[in-house]
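Some notes on the structure that comes next.
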Amino acid sequence: EDKVVQSPLSLVVHEGDTVTLNCSYEVTNFRSLLWYKQEKKAPTFLFMLTSSGIEKKSGRLSSILDKKELFSILNITATQTGDSAIYLCAVKGGTSYGKLTFGQGTILTVHP
Amino acid sequence: NAGVTQTPKFQVLKTGQSMTLQCAQDMNHEYMSWYRQDPGMGLRLIHYSVGAGITDQGEVPNGYNVSRSTTEDFPLRLLSAAPSQTSVYFCASRGGGGNQPQHFGDGTRLSIL
C-alpha cells in the first residue's frame with residue numbers, strides 16, 4: 001500500500017523565519033511528487049518533482065526530491081502571514097493513470 | 001476560465017438520505033477524481049475516472065457511486081448517508097500526459113446528522 005508521511009504536522013513561526021517541511025514516501029512505481037498549498041478552499045499546485053537533486057524554485061519557496069532516500073523537502077524563506085496554510089505532499093505512482101496518494105498535511109501558522 | 005466547479009458548497013443531510021455532489025470541468029480533461037478530506041488524514045481518493053464511460057474505485061469507495069457519461073461531468077452519489085461521511089469533498093481533474101498536476105474544485109462541506 002502506498003504511503004506518504006509529512007512532518008511536522010503543525011508548525012508555528014514568526015514572520016521572517018525560514019521553515020522546512022518534510023515528506024517521506026513509499027510508493028510502487030514512483031512517477032512524481034507534488035506539493036500543494038491549501039488555504040481556505042481548494043489545494044493549489046506548487047511544484048511537481050520527478051528527478052532527484054534538481055531544485056524547483058518559485059519566489060521564496062523551493063523544493064527538492066531525493067529518490068534514493070525517498071523524501072522531499074519544501075523550504076519557505078522569509079515567511080509572511082500569507083504563507084499560513086496547510087501544505088500537502090502527494091505522490092503519483094502505480095499505473096499510467098497515476099493515482100495520487102496524499103500525506104496528512106502540515107499546518108503552517110505564521111504570526112506577525 | 002471556470003476550471004473545476006463543485007456544487008453545492010455546503011449541505012446538511014439526515015442519516016439515510018441520498019444526494020449527489022456535482023462536479024464539472026471546462027478544460028476538456030480526461031482524468032477526474034473525487035477525494036474526501038478529514039482532519040489529520042489528508043485527502044483520500046474515493047473514485048476516479050480516466051475518461052467518459054470509465055470509472056474505478058479509489059482508497060475509500062464504500063457508500064459512494066460515480067458515473068462519467070460526459071467528459072465534463074463527474075457526479076458523486078451518496079446512496080444512504082451516514083455520519084461517517086461527514087467530510088469535505090474535493091473534485092479534481094487533470095489533462096493527459098504523465099506530468100500534469102491535478103486541479104481542484106473549491107470543495108463541498110457535507111454534514112450528516
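Assorted remarks:
- Residue B:80-residue A:28 pseudo-label distance in nm [points 7 Å out on the Cα-to-Cβ vector]: 3.2
- Cross-link reach list, lysines versus residue A:3, counting only Cα pairs under 21 Å and skipping chain neighbours closer than eight places: A:37, A:67, A:68, A:92, A:99
- Built amide H within the under 5 Å cut-off of residue B:17, gap 5+: B:81
- Buried surface between chains A and B: roughly 1700 Å² of accessible area, summed over both sides, computed with a 1.4 Å probe on protein heavy atoms only.
- Exposure of residue A:10 as accessible area (Å², to 10), given a probe of 1.4 Å and all protein chains: 80
- The length gained on full extension between residue A:69 and residue A:45, counted as 0.36 nm times the residue separation minus their Cα-Cα distance, comes to 6.3 nm.
- When you restrict to C-alpha pairs under 8 Å that are six or more residues apart and normalise by the size of chain A, the relative contact order lands at 38 percent.
- Whichever aspartates and glutamates have a C-alpha closer than 20 Å to that of residue A:41, once near sequence neighbours (fewer than 8 apart) are set aside: A:83, B:26, B:38, B:106
- Accessible surface for chain A, divided over its residues, is 48 Å² per residue with a 1.4 Å probe.
- Under a 5 Å amide H cut-off, with hydrogens placed 1.01 Å from N, residue A:15 pairs with A:111 among residues at least 5 apart or on other chains.
- Largest first, the residues B:10, A:45 sort by 1.4 Å accessible area into B:10, A:45.
- Alpha carbon Rg of segment A:1-86, scaled by the compact-globule rule 2.2 N^0.38 Å: 1.10
The values are calculated or read from the model by the stated rules, or taken from the named source; none is laboratory data. In this text the structure is predicted, and so the values were computed from the model without any measurement. Cβ sites come from the backbone with ideal geometry, for glycine too, and all protein chains shown count toward neighbours. Ligands, DNA and RNA are excluded from the accessible area calculation, which covers all protein heavy atoms including side chains. Shrake-Rupley method; radii C 1.70, N 1.55, O 1.52, S 1.80 Å.
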